Ligand SMILES: Cc1ncc(COP(=O)(O)O)c(C=O)c1O
């Protein structure tokens, strides 16, 4: 019996054409992905709307999922369209009104040589109710820690694909930040510029301009990041994409995390632990409270995903229609 305390309202999981009970979604110990992180995944949300649950930017998530699978040279057992139908089915089967959705492709049981050609690729699709990723502070702002560990560089492996094994760095550094008493970590890249959080992009606001970085800075260019940039432009704000230095962070009027899991979360305090041996210095962002731009982008984003911004209705896939 698997405790679902951290997976509220999870009941069913889809595996290779079958709907399974939560407790039956098992794999063999010799599955390739369990040893080497040879999996790819997506993190997607569905939201409660007046027309029932709707998945936000499903098409874009599926394009990225198929891209990740291609990067890992997977023979995917299902097409994009089939996986989209499966995701809608899983939300319905679990009777969820809002959901976090996790499709997972992985090299399964077959061989344990590093090259997984003898291991078939299998797909799981699960869904449950996952609240605010950074908890109660998501509204009033979080404290972050700039890590001494630099983000894996885009010249070393694809950072625009969600490869399971790559996430060991996010896991490790997420633990370090929390052990030090912070809510989340921030990575610099090998160039010394700001990269991203373990599972979040970073946007800053300075003199009314909303700025973020791109793939050349060793980040995953998130779907939420791109959505929030578009919303900012549509609200008449000026946006800019380019490298962001650590000093840009310390000097920013506002900073926010974006991501499917976190949504849009203000960052209100930063500690710089990036230089090993140097004392950690702390900086307050603006006046230490969520700023007006962040608040406006956060509320418009939340209205958008909940189907309350008709101009963005095309970003929603209604599960019951
Ligand atoms: C490393 C990393 N950066 C950024 C993001 C934000 O991406 P998205 O907005 O597409 O969820 C994620 C989450 O998927 C991530 O894992």
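Structure above, values below:
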quantity	calculated
Meets criteria (within 16 Å of the ligand (Cβ to nearest atom) and either in a loop (DSSP other than H, G, I, E, B) or at pLDDT below 95 (or both)) for residue 160	yes
The one condition in (1) within 13 Å of the ligand (Cβ to nearest atom); (2) closer than 20 Å to residue 282 by Cα; (3) in contact (Cβ under 8 Å) with a residue 60 or more places away in the chain that residue 195 fails to fulfil	(3)
Conditions (1) within 15 Å of the ligand (Cβ to nearest atom); (2) in a strand (DSSP E or B); number of the one not met by residue 143	(1)
Verdict on residue 185 being without any contact (Cβ under 8 Å) to a residue 60 or more places away in the chain, assigned to a strand (DSSP E or B) and not assigned by TED's automatic domain parsing to the domain that holds residue 121	yes
Hits in the range 198-209 (condition: outside any strand (DSSP E or B), away from the ligand (no atom under 12 Å from the Cβ) and touching a strand residue (DSSP E or B) at 6+ places or on another chain (Cβ under 8 Å))	208
Answer from 236, 307 - the residue that is on the phi > 0 side of the Ramachandran plot, more than 16 Å from the ligand (Cβ to nearest atom) and crowded, with 20+ Cβ neighbours inside 10 Å	307
All positions within the range 227-241 that are free of Cβ contacts under 8 Å to residues at least 40 places away in the same chain and touching a helix residue (DSSP H, G or I) at 6+ places or on another chain (Cβ under 9 Å)	230, 238, 239, 241
Residue list for the range 66-100, restricted to those being under 20 Å from residue 33 (Cα atoms) and within 16 Å of the ligand (Cβ to nearest atom)	66, 67, 68, 69, 71, 72
Subset of the range 111-157 (residues that are modelled with pLDDT of 95 or more and at positive phi)	141
Matching residues in the range 210-221 - criterion: being closer than 23 Å to residue 292 by Cβ and within 15 Å of the ligand (Cβ to nearest atom)	212, 213
Residues of the range 26-60 that turn out to be out of contact with any helix residue (DSSP H, G or I) (no Cβ under 6 Å at 6 or more places or on another chain) and assigned to a loop (DSSP other than H, G, I, E, B), as a count	12
Unique residue being in a helix (DSSP H, G or I), within 14 Å of the ligand (Cβ to nearest atom) and not assigned by TED's automatic domain parsing to the domain that holds residue 221 when the list is 23, 63	63
Cβ-Cβ under 8 Å pairs, at least 6 apart or on other chains, the range 250-265 side on the phi > 0 side of the Ramachandran plot, far side more than 9 Å from the ligand (Cβ to nearest atom) and not in a loop (DSSP other than H, G, I, E, B)	263/138; 263/298; 263/301; 263/302; 263/305
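This table checks each residue for (1) part of a helix (DSSP H, G or I); (2) touching a residue at least 60 places away in the same chain (Cβ under 8 Å).
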| position | (1), (2) |
| --- | --- |
| 67 | yes, yes |
| 75 | no, no |
| 86 | yes, yes |
| 91 | yes, yes |
| 110 | no, yes |
| 113 | no, no |
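The values are calculated or read from the model by the stated rules, or taken from the named source; none is laboratory data. A quick note: this is a predicted structure, and the numbers were derived from the prediction, not measured. Glycine gets a Cβ as well: all are built from the backbone with ideal geometry, and neighbour counts include every protein chain shown.
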